[in-house]
Amino acid sequence: MSSLRVTDLVKYFDDVRAVDGLNLDVQNGEFFALLGPSASGKTTTFRTICGIESPTSGTIEIDGRDVTNAAMRDRDVTMVFQTFALYPHLTVRDNLAYPLRQQKLAASEVNRRIDEIAELLRLAHTLDRKPGTASGGEQQRIAIGRALIRQPHLLLLDEPLTNLDAKLRHDTRAEFKRIHRERQITIVYATPDELEALTMGERIGVLRDGRIAQTGTPDELYDRPDSSYVAGMVGSPQMNLIDAKRGGDDNQPSVVTGFGEFREAPWRNPLTEFSVGEELIFGIRPHEIKPVTKSLADGGSTFDCKVHLTEPIGDLVILDLIANGNRLKMVLPEEQAIGYPPGASLTCGFDLDTTHVFAKETGTVIRQPVQEKHKPKL
């Protein structure tokens, strides 16, 4: 196992800044997920960590040792690419053996490691076949095996499930978790899929434009996002982010949306730092919105709306709501959602303690320190 620290990493390609002052701290033996959309800098960061690319500036440390300018072979890092990058003319056995033969290990040691990896990844039946005859999931495991057989202390996985179908992605995620547990290896896993990041990462770093926007556990990022960007990246369906304005006065500050005015929430006092009429973003998770009866509606945190669309997802249903021209999503159990077909009118409500407010100009969260309960994730 190895620890990894990246400090103020910058990487230019001509005039394009692919990585922009990135800071990353991965603990010894941790499964760390790097979450970000395409072109956010995931692959360039990985290629710089493993030594394929040289950084423009910044430092990279592995186990406290500065390897910023070290050769690839001196870093004890392996990387699994999005493409499998297997040698099609070699058998699976020879693909696995290749990095060991490059190290000039004895044949007995090479064979021992191949047998060990084949058992770990359930590849014994493929060893004498060419990679082209293997399934997508098997090819992925072969690529992982070629990385693991070197017995690295740090494994970088760059969107390794992109080319697999849904079932194979599910199965291979379980494989990665099993490998991490059994091998006690430090893994950094890059993905654009927030579900993969939430289910696999012990901690997650949310990447935006070549820098880390926020780092935390899945619950921390879900419950207390530092920005509207992180709020929109973490959670499925993503948080409802509604244009709003600062309302009220300094004694009774509020957030005014197109479907209601809200106050008496954890973000109330910090709102006094904003001018009346200043643009904000109001956030509420789809899981926190609930239908209420007219007799129970208190008006303070309720709104009238219509169902625009319904999206069944197993035993849950996502309802697209229209509230005075604003689009919101709500998630209900299937048996409850049956009562709200498209076109139905209803009144919905939510607990203001579960809402979030962000500055429109910067996207930064507006809040005071509070102890928040954890919410269920889809």
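The values are calculated or read from the model by the stated rules, or taken from the named source; none is laboratory data. Everything quoted here is computed from the prediction, not taken from an experiment. Cβ sites come from the backbone with ideal geometry, for glycine too, and all protein chains shown count toward neighbours.
Of all residues in segment 55-75, those that are β-branched (Val, Ile, Thr) and either without any contact (Cβ under 8 Å) to a residue 40 or more places away in the chain or touching a helix residue (DSSP H, G or I) at 6+ places or on another chain (Cβ under 7 Å) (or both) total 3. Residues of segment 18-54 that are within 13 Å of Gly210 (Cα to Cα), in contact (Cβ under 8 Å) with a residue 24 or more places away in the chain and not in a strand (DSSP E or B): Gly36, Pro37, Ser38, Ser40, Gly41, Lys42, Thr43, Thr44, Thr45, Phe46, Thr48. Of all residue pairs spaced 6 or more apart or on separate chains, those with beta-carbon atoms under 6 Å, a first member in segment 358-378 that is assigned to a strand (DSSP E or B) and a second member that is at pLDDT 85 or above and surrounded by fewer than 18 Cβ atoms within 10 Å (Cβ to Cβ) are Ile366/Pro270. Inspect all residues belonging to segment 102-112 and state whether any of them is surrounded by 15 or more Cβ atoms within 10 Å (Cβ to Cβ), among the β-branched types (Val, Ile, Thr) and part of a helix (DSSP H, G or I). Scanning segment 102-112 turns up at least one residue that is surrounded by 15 or more Cβ atoms within 10 Å (Cβ to Cβ), among the β-branched types (Val, Ile, Thr) and part of a helix (DSSP H, G or I).
Per the conditions (1) modelled with pLDDT of 85 or more; (2) in contact with a Gly (Cβ under 8 Å, 6 or more places away or on another chain), the sole criterion not satisfied by Gly201 is (2).
For the residues Arg150, Arg173, Arg178, Arg122, the requirement of being touching a strand residue (DSSP E or B) at 6+ places or on another chain (Cβ under 7 Å), surrounded by fewer than 21 Cβ atoms within 10 Å (Cβ to Cβ), in the same structural domain as Ala33 (by TED's automatic domain parsing) and of a type in the set (D, E, K, R) singles out Arg150.
In a residue-by-residue description of segment 70-84, the property of being closer than 20 Å to Ala118 by Cα, more than 27 Å from the chain's Cα centre (by Cα) and polar (S, T, N, Q) applies to no position.
Summed over segment 66-101, the residues that are closer than 20 Å to Met1 by Cβ, of a type in the set (Val, Ile, Thr) and assigned to a loop (DSSP other than H, G, I, E, B) give a count of 1.
The selection criterion, being touching a Leu at 6+ places or on another chain (Cβ under 8 Å), at pLDDT 95 or above and among the β-branched types (Val, Ile, Thr), does not hold for Thr56. Could you list, in sequence order, the residues of segment 258-286 that are of a type outside the set (Phe, Trp, Tyr), at pLDDT 95 or above and surrounded by 17 or more Cβ atoms within 10 Å (Cβ to Cβ)? Once the filter is applied, which keeps residues that are of a type outside the set (Phe, Trp, Tyr), at pLDDT 95 or above and surrounded by 17 or more Cβ atoms within 10 Å (Cβ to Cβ), segment 258-286 yields Leu280, Ile281, Gly283, Ile284, Arg285, Pro286. Tyr340 falls short on exactly one of the conditions (1) within 17 Å of Ala244 (Cα to Cα); (2) more than 26 Å from the chain's Cα centre (by Cα), and that condition is (1). Within segment 319-331, can one find any residue that is under 12 Å from Phe350 (Cα atoms) and not polar (S, T, N, Q)? The answer is yes; a qualifying residue exists.
So which residues in segment 1-17 are touching a residue at least 40 places away in the same chain (Cβ under 8 Å), surrounded by fewer than 22 Cβ atoms within 10 Å (Cβ to Cβ) and over 20 Å from Glu202 (Cα atoms), if there are any at all? Matches in segment 1-17: Thr7, Asp8, Val10, Tyr12, Arg17. Taken over segment 304-337, the criterion of being more than 31 Å from the chain's Cα centre (by Cα) and not in a strand (DSSP E or B) is satisfied by Asn324 alone. Looking only at segment 79-99, decide whether some residue is in contact (Cβ under 8 Å) with a residue 12 or more places away in the chain, touching a strand residue (DSSP E or B) at 6+ places or on another chain (Cβ under 8 Å) and either on the phi > 0 side of the Ramachandran plot or surrounded by fewer than 17 Cβ atoms within 10 Å (Cβ to Cβ) (or both). Yes, segment 79-99 has at least one match. Cβ separations smaller than 6 Å between residues 6+ apart or across chains give the following pairs from segment 241-258 residues that are without any contact (Cβ under 8 Å) to a residue 40 or more places away in the chain to residues that are among the basic types (Lys, Arg) and assigned to a strand (DSSP E or B): Val256/Lys245.
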